[in-house]
Each structure stands twice: as C-alpha cells, then as structure tokens.
C-alpha cells in the first residue's frame with residue numbers, strides 16, 4: 001500500500017506566514033537589484049505611455065470638433081465637411097490641422113515608447129526569473145544532499161520531486177508575472193484616477209463609487225478561491241507521490257492483482273484534486289466575465305452621465321473628447337483590477353509553493369560534530385604512524401585533542417564494538433535493546449533473524465545514518481560520534497539488497513566506489529566479484545551505457561556490479577546487506593571465492609536470510625525483537641539446537 005502522503009516537518013501547502021515567505025522569495029532578487037530597477041522604470045514608462053496616449057485623445061477629438069467652428073448639432077457630417085472645406089479663415093484651419101498632426105505624432109511616439117519599454121521589461125524579467133529559479137533549484141539539490149537519511153525514509157520521491165517542479169514553477173510565475181503585473185496594475189489605477197480627476201471630477205467621483213463595487217466583488221471571490229488554490233498545491237504533491245510510487249511498483253501491483261484497488265485509491269486522490277482545483281479555478285475564472293460585464297455597465301453609465309453633463313455645459317462639443325477619454329479609461333482601469341484579482345490567487349499559490357520549498361530548505365541538515373579524520377598514513381618498523389599527502393594503501397585516524405592540543409594517530413584496522421546500544425527510529429518505539437557485540441579486525445560477523453529483528457538497523461548505525469542516543473559504538477577504540485561522517489563512510493563499503501545503478505557506463509558505475517580508481521583497478525574489482533565475464537559479453541563491454549537503474553541488466557548482474565563497486569573502494573570494513581539475495585545458486589557459488597578474496601583481511605558484517613552464505617562466519621548473531629538471543633559460530637549454534645538451528649534446518653515451531 002502507498003505510504004502516507006502527509007509528512008510532518010516537510011511543509012504542507014497551507015500558508016502560515018504569507019509576508020515572511022513573500023519577503024524571503026523577494027530576497028532572491030537581491031543579486032539582480034540593478035536589473036529589477038530597470039524593470040520597474042520600464043514598467044512605469046509603459047504604464048504612463050498608455051495613460052498619456054489616452055489623455056491626448058481628448059484634445060485631439062476636441063480639435064476635430066472645433067475645426068468646423070459649428071455649434072449647430074443639426075448639421076450632417078457632409079454639411080460639416082463642406083463647412084470645413086469652404087471656410088474663409090484659411091489660417092485658422094491650417095493652425096488647427098497642424099495642431100492635430102502634432103497630437104497624432106505625439107500619440108504614435110508615446111505608444112512606440114511604451115512598446116519598447118514593454119519589450120525591455122519582459123526580456124529582463126525572463127533572464128531574472130530563470131536565473132532565480134536556477135539558484136533555488138541548485139540550493140534545493142545541494143541542501144538535499146546534506147539531509148539525513150530519515151528525511152528520504154519518510155517522504156515519497158514524488159513529493160520531493162514536486163518541490164523541484166510544480167512548487168518552483170509557481171514561484172517563477174510570481175517573479176515573472178505577478179510582481180510586474182501588480183506594479184503595472186497599481187501604477188495604471190493611480191495614473192488613470194489622476195487623469196480622471198484632471199479631466200472631470202464629477203465623472204471621477206462616479207467611477208470611485210463603481211470601483212468600490214468592483215473591489216467588494218474581488219474581495220469576496222478572491223477569498224473563496226484563495227484557500228482552494230492553496231489546497232490544490234498540496235493535492236498535486238500527493239498525486240505525484242502516489243503516481244511515482246505506483247509506477248515504481250507496477251510489477252508488484254500486477255503480480256498481486258492490485259490494479260482495481262490502485263485505481264480506486266488513485267481516483268480518490270485525483271477526485272480530491274479535482275474538487276479543490278475545480279473550485280479554485282471556478283472562482284478565479286468567473287472573475288473575468290464579472291469584471292467584463294461590470295465594465296460594460298460602467299461604460300454605459302459613464303456615457304449617459306457624461307452626455308447629460310455635456311448637454312448642461314456651456315460648450316457641449318468641448319466635452320465630447322473628455323467623455324471619449326473617460327470611456328477608454330474605464331477599459332484601462334477594469335483590466336488592472338481584474339489582473340490584481342487574478343494575481344492574488346497566483347500569489348497564494350506561489351506562497352504555498354514557496355513554503356513547501358523553504359520547508360525543505362529549512363529541514364535541519366545532517367549534524368556532523370566529528371573532528372577525527374581519516375588520513376593516508378605510513379607505518380615504520382617501530383609502529384610509528386606518519387601522515388602522508390599521497391595514497392599509501394594504509395590509513396590512520398587523525399585525532400586532535402582539544403584539551404592538550406596534541407594530535408594522535410590510530411591505525412585504521414576495522415575493530416568495531418557495540419556497547420549497550422539502545423535505539424529506535426521513533427520515540428517510544430525501540431528497535432535495538434541493549435545490544436553489545438564486537439568484531440575484531442578481519443573477522444566476518446553475520447546477523448540472522450526474522451524480518452524486523454534489527455539486523456539492518458545495526459548497519460545503519462555503523463554508518464551513522466542515524467546516531468545512537470544510548471550506548472556507544474567504537475571504531476578502532478574511537479567513539480564514532482567523534483569521527484567525521486564523510487571520513488567514517490569512506491572507511492566502509494556497503495552492498496545493499498536494493499542495488500542502484502546510475503546513468504553512465506559500466507565502468508563509471510564501478511568507479512563510483514572510488515572516483516580516482518584506474519580502469520585496471522575497476523576491471524580487477526569486477527573480476528573479484530565475477531562480473532567480468534558478463535561485462536565482456538555486453539555490446540560495448542565496460543563502455544556499455546546503463547540507463548534507468550540498469551534496466552538492460554538482470555537483477556543478479558546489477559548486484560554483481562554493486563559488489564564490484566564495493567570492491568574497488570578497497571575499504572577495511574565491508575557491509576553486505578543481503579548482497580546475494582538476487583543471485584542464483586550457481587552464480588553465488590561462482591562468486592564465493594571472489595567474495596572470500598574480497599573479505600580477506602577485512603572486517604565484514606553480513607546480513608543474510610540465506611543461511612548457507614553465513615556458515616563460514618567467525619561469529620553469528622541471532623537477533624529477535626532487537627535483542628541478541630544467540631551468538632557463536634555455525635557449529636556451536638547448531639549444537640545448541642536453538643533459534644538458529646530452527647532457522648537453518650527449517651524446523652519452525654508453530655505458535
């Protein structure tokens with residue numbers, strides 16, 4: 001069944017700190033402050049150009065009306081034209097025509113200036129927004145690499161991917177569209193209202209009343225769509241997480257005839273997304289038609305009221321240009337209000353996405369307070385250890401003592417000891433109970449037991465994927481909490497039950513164990529794991545490209561490459577967690593000698609359900625419910641006829 005979608009601490013899509021998240025997002029624009037200044041200047045120029053172009057229409061229209069010097073409204077258009085053409089006052093006519101030509105040229109120049117300003121603004125915004133999103137994604141990925149394993153154990157891959165895609169995309173919309181449109185809309189509204197009062201304070205007061213009605217509608221509809229847009233972001237994350245999980249486990253779904261249940265569960269999540277998304281977009285989409293219809297109503301109202309004022313005025317023809325400009329300003333002011341309403345919804349989506357992104361960025365990174373480091377070393381005949389800058393094949397722990405200022409070196413041998421370790425992944429749920437064990441250098445220690453007994457947990461603690469709250473784990477006599485995690489893990493190599501191969505060549509995947517390994521060393525590692533034979537038969541041998549987790553290889557071949565990857569690392573401690581689980585009996589027999597050579601001189605921890613692979617272990621630990629109930633070699637445990645004997649012979653007692 002799918003894992004729970006809601007993850008505590010990873011940030012649900014419910015804005016809790018709108019201002020804080022918005023300001024934090026805007027801070028990402030700080031490196032582009034100069035460009036953003038140009039953006040705002042060009043926005044202001046484009047907005048004012050649009051307003052000025054409309055304002056010039058009033059004197060232009062008034063000039064056309066005044067050119068005839070006719071106040072007789074009963075004259076037809078032809079009669080007015082004749083009156084214009086056959087006027088005796090030629091100088092008056094030429095002056096008016098020159099004046100109107102200047103006005104037309106001014107309108108053209110203003111609109112060209114606005115077009116140029118818009119072009120510059122949009123070009124700069126594209127650059128700024130894409131660079132900002134690149135920065136955010138880089139920070140996300142860099143931060144994610146430093147997060148503890150617990151985060152990935154408790155969060156679906158689809159949920160994490162949504163942070164990189166959908167959530168970052170809505171943040172991009174905020175920068176690329178919301179900010180400029182909001183600025184442009186506010187400037188337009190302020191500019192238009194100013195010009196309205198300049199042209200006619202009576203009509204401007206009428207528009208104030210009408211504008212108040214529009215704002216009330218925007219507030220009501222915006223409030224209803226806001227919460228649904230926020231819920232939509234959360235639903236997208238859940239949907240992506242479920243799809244990713246089902247696609248990855250499609251074979252299991254089909255093997256257990258789980259299709260109908262999977263479809264039903266998907267329909268449930270998808271229906272929730274449909275509901276919240278439908279409501280969010282319904283409220284947002286009806287905003288446009290309502291505003292358009294209101295603008296038509298305002299258009300007619302201003303025309304009627306303006307005509308009434310014109311008739312009552314001393315110069316009715318002089319008021320015609322004012323009415324025409326006002327009617328155009330109505331169009332200019334309703335669009336910005338509608339845009340602001342739409343951008344409010346987008347802002348809340350961006351805030352929801354931003355909170356989810358910032359929640360991941362704010363997730364505490366893996367704490368590493370270690371100060372003991374791993375260094376290349378040389379050891380003389382007297383056993384004195386000297387640090388070396390070049391690779392020597394021998395390693396030592398460099399241990400600075402803060403109290404005395406002394407630095408001591410301890411040779412890395414692979415002595416691992418658990419001292420009364422108690423651990424649980426969650427509070428009040430203990431997985432290991434007072435576990436004590438030791439592995440001397442070169443020993444092979446095996447862990448067996450039922451699923452959930454705590455075998456893999458022990459290996460997780462050795463790697464410090466999780467830190468021990470009670471008890472101690474010592475590595476060559478040093479508490480591993482004092483060792484830097486990167487150096488600790490450099491001294492270990494793991495082969496997991498679930499192998500993972502990366503996009504690249506076979507050689508690249510083997511070299512992943514040690515990036516400075518030569519081709520010859522990688523080939524030698526492949527031979528020790530018995531992977532060399534099948535690699536030679538691949539289309540391009542070691543240069544064969546692997547994609548999608550090595551889908552062109554069998555599961556057994558993939559695991560052989562994982563073993564070769566561990567071999568090339570050449571560590572003093574080896575951890576094999578069900579390393580041969582996907583290898584058939586014949587292949588297992590073939591690699592037995594290679595594995596023995598790999599484990600020679602190395603401390604090895606083996607977890608295996610196939611008990612035939614642990615018979616030659618120096619010590620076998622039998623775990624049950626987080627406790628070691630039996631320990632000894634194979635012969636001793638068989639002689640005891642206890643739990644190991646039951647597991648090995650298959651004689652399980654029914655309870």
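Observations
- Here 514, 163, 631 are placed in order of increasing Cβ neighbour count within 10 Å, fewest first, which gives 631, 514, 163.
- Cα-only Debye scattering, the range 497-554: base-10 log of I(q)/I(0) at q = 0.13, 0.15 Å⁻¹: -0.29, -0.39
- Pairwise centroid distance, computed over Cα atoms, of the range 450-505 with the range 122-173, Å: 28 Å
- Projected area, mean over directions - the range 378-497, Cα convex hull, nm²: 9.6 nm²
- Model label zone, residue 243; criterion: amide N under 20 Å from point 7 Å along Cα-to-beta-carbon; scope the range 165-181: 165-173
- Rg to Rh, two decimals, where the range 144-244 supplies the alpha carbon set and Rh follows Kirkwood: 1.24
- Residue order, fewest to most beta carbons within 10 Å, for 388, 325, 277, 436: 436, 388, 277, 325
- Computed extension length for residue 639-residue 404: 79.4 nm, one decimal, from 0.36 nm per residue of separation with the Cα-Cα distance subtracted.
- From least to most packed, judged by other beta carbons within 10 angstrom and beginning with the fewest, 168, 253, 379, 247 follow the order 247, 379, 253, 168.
Read-outs throughout are calculated quantities, based only on the coordinates presented, and are distinct from any laboratory measurement. Just so it is clear, the model here is predicted, and its values are computed rather than measured. Counting neighbours? That spans all protein chains shown, and the Cβs are built from the backbone with ideal geometry, glycine included.
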